Amino acid sequence: MRILIIGAGGVGSAAARIAVRREFFDTLVIADYDPARPTALVDELGDGRLSAAQVDASRADSVAALVREHGSTHVLNAVDPRFVMPIFTGCFDTGAVYLDMAMSLSTPHPDHPHEQTGVKLGDEQFAQAADWEAAGRLAVVGIGVEPGLSDVFARYAEDELFDEIDELGVRDGANLVVAGYDFAPSFSIWTTIEECLNPPVVYEEGRGWYTTAPFSEPEVFDFPDGIGPVECVNVEHEEVLLMPRWTKAKRVTFKYGLGDEFIEVLKVLHKLGLDKTSPVRVKGVEVSPRDVVAAVLPDPATLGDRMTGKTCAGVWVRGTGKDGAPRSTYLYHVADNEQTMAEYGSQAVVWQTAINPVIALELLARGDWEGTGVLGPEAFDARPFLDLLAAPAPAGYGSPWGIEEKPIG
């Protein structure tokens, strides 16, 4: 296997740091628009299988040329969702297996944005699924943590824990604190604005996909491993678009523990138009307001030394268990920032995102996962993934996941 990671930011760097501990690949090229970033990472890691390159992820031909130059067999997209389609297209043109952690962008319904879907997350990619399948090519989409590991949990729950699923409810919460900053998102603010201010999507059997207002339907969810109760709200996310395609869940939701202060900041950015991506002219220079916001905030990849706490990702599954009785179960994975910084030099949120595509790559290399077309994580067997995630090193990745039974009702 010859891997190309596009993007040497927080997640791309964490993926490389995780991958170099494994033996399943032959070469790994790390590419970025700024060649200094992958060069510094390659120098840091000191692994002879690694090399650095420059790429323009906004151009499919630039991606394709790099794939051909290095003979890359698998490409991991680790840049923000604006660049999904050029990288996706570049992989199709070269025959490389494509993996991403966020899917093609959505566009709200022009007249009823908080009731009906417009262009949904991933629609552009799924529109080409028949072409990928006919060509015998594979794209594994949404294989980060959320989406990604949460979708693997959904597959596992349907196959091994439940006879009937009333709801797959993805719930994400944390008790992370960043010292010295009044406002410092632990993940890309560009992506955070996109998913939090777009109309959230909900899926219901018989109704299909529909939307609500941002930050709707708040609920307090009690997270495990000392995180505790966190108020979660509806947020647009890929799981709601993926899980109904490969599971029989009657309802699918995604709720994120943002906190009142974070929500208020996002609302202010929206009111001021600072969430917009279309360029505006400032003193003769064209600039995207959202890019300005990203530029003035700290880089999430650099916050690890100032961050304390844990982050939890998981799926709350409610329905009928294999014994025929009602069941309410939370399948989850926790990342502790102190541990991820000590072992990998990556803060918890980006590390927890990055470990899952690396595991997927190893499963593809081993032949445990295979297929053609545009496939979400639910399309594959969950057990080898979860076994590899939890098994102690060097056999596995040494990162256990958990199951917690919740009150029924």
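When the Cα centres of region 339-375 and region 132-174 are compared, how far apart do they sit, in Å? About 14 Å separates the Cα centre of region 339-375 from the one of region 132-174. Taking the Cα centre of region 1-125 as origin and assigning +1 to Lys and Arg Cβ atoms and -1 to Asp and Glu Cβ atoms, the resulting dipole is close to 340 debye.
Listed values for region 359-373 are Karplus-derived 3J(HN,Hα) couplings in whole Hz (6.51 cos²θ - 1.76 cosθ + 1.60, θ = phi - 60°), namely 4, 4, 4, 5, 5, 5, 5, 7, x, 6, 10, 7, x, 9, x, and x replaces Gly and Pro. What residue among Arg251, Arg49, Arg37 has the largest mean-square fluctuation in a Gaussian network model of the chain, using Cα springs under 10 Å? Looking only at Arg251, Arg49, Arg37, the biggest GNM fluctuation is shown by Arg49. Residue separation of Lys271 and Thr107 scaled by 0.36 nm, minus their Cα-Cα distance, works out to 57.2 nm of gained length.
On a per residue basis, region 150-198 carries 32 Å² of accessible surface, using protein heavy atoms and a 1.4 Å probe. Per-residue ellipticity at 222 nm, computed for the chain from helices alone with -39500 (n - 2.57) per DSSP H run of at least four residues, works out to -9500 deg cm²/dmol.
For the chain, what class follows from the C-alpha gyration tensor (a ≥ b ≥ c being the square roots of its eigenvalues): rounded when a/c is under 1.5, otherwise prolate if a/b is larger than b/c, else oblate? In terms of gyration-tensor shape, rounded. Go through region 91-191 and name the GluC sites (Glu not before Pro) that are in a DSSP coil and have 12 or fewer other Cβ atoms within 10 Å of their Cβ. Loop-located and lightly packed - Glu115. Stretching Ala393 away from Asp299 to a fully extended chain increases their span by 30.8 nm, per 0.36 nm per residue minus the current alpha-carbon distance.
Springs join every pair of Cα atoms under 10 Å in this Gaussian network model of the chain, and among Leu361, Leu66, Leu297 the largest mean-square fluctuation is at Leu297.
Using a cut-off of 18 Å between alpha-carbon atoms, which aspartates and glutamates can reach Lys310, once sequence neighbours fewer than 8 places away in the same chain are excluded? Partners found: Glu146, Asp172, Asp222, Asp225, Glu231, Asp336, Glu338, Glu343, Glu404.
Return the carbon/sulfur percentage of the accessible area of region 308-409, one whole number, probe 1.4 Å, all protein chains in place.
With neighbouring chains kept in place, the figure for region 308-409 is 52 percent.
Could you state the number of Å between the C-alpha centres of region 1-58 and region 70-106? So the separation of the two Cα centres works out to 15 Å.
Checking every one of the GluC sites (Glu not before Pro) in region 323-409 against DSSP loop status and a limit of 12 other Cβ atoms within 10 Å picks out Glu370.
Counting protein heavy atoms only, region 1-158 has 48 percent of its accessible area on carbon and sulfur, 1.4 angstrom probe. In the chain, a dipole from Cβ-located charges (positive for Lys and Arg, negative for Asp and Glu) runs towards its positive end, and of Gly284, Met85, Pro357 it is Gly284 whose Cα lies farthest in that direction.
Average accessible surface for region 252-409: 45 Å² per residue, computed with a 1.4 Å probe over protein heavy atoms with every protein chain in place.
Summed over the residues of region 41-119 and divided among them, the accessible surface reaches 41 Å² per residue at a probe radius of 1.4 Å.
Indicate the gyration tensor shape class of region 359-409 (rounded, prolate or oblate), computed on the Cα atoms with a ≥ b ≥ c the square roots of the eigenvalues: a/c under 1.5 is rounded; otherwise a/b larger than b/c is prolate and the rest oblate. Oblate, because a/c is 1.5 or more while a/b does not exceed b/c.
Only one residue of Ala139, Val55, Pro110 has its Cα farthest out toward the positive end of the dipole of region 54-205, where Lys and Arg carry +1 and Asp and Glu -1 on Cβ, and that residue is Val55.
Once Lys and Arg get +1 and Asp and Glu get -1 on their Cβ, which of Pro200, Ala391, Pro407 lies farthest toward the positive end of the dipole of the chain? The Cα lying farthest towards the positive end belongs to Pro200.
With both residues required to sit in the chain, DSSP beta bridges show an antiparallel share near 60%.
Taking a ≥ b ≥ c as the square roots of the Cα gyration tensor eigenvalues, with a/c under 1.5 meaning rounded and otherwise prolate when a/b beats b/c, else oblate, which class fits region 209-348? Oblate, because a/c is 1.5 or more while a/b does not exceed b/c. Rolling a 1.4 Å probe over the protein heavy atoms of region 172-263, with every protein chain left in place, gives an accessible area that is 47 percent carbon and sulfur.
Highest mobility in the GNM of the chain, judged by mean-square fluctuation with C-alpha springs under 10 Å and restricted to Gly284, Gly95, Gly118, is found for Gly284.
The values are calculated or read from the model by the stated rules, or taken from the named source; none is laboratory data. Because the structure is a prediction, the values reported are computed rather than measured. Backbone-built Cβ (ideal geometry, glycine too); neighbour counts: all protein chains shown. In case anyone asks, the SASA skips ligands and DNA or RNA and just uses the protein heavy atoms, side chains included. Shrake-Rupley method; radii C 1.70, N 1.55, O 1.52, S 1.80 Å.
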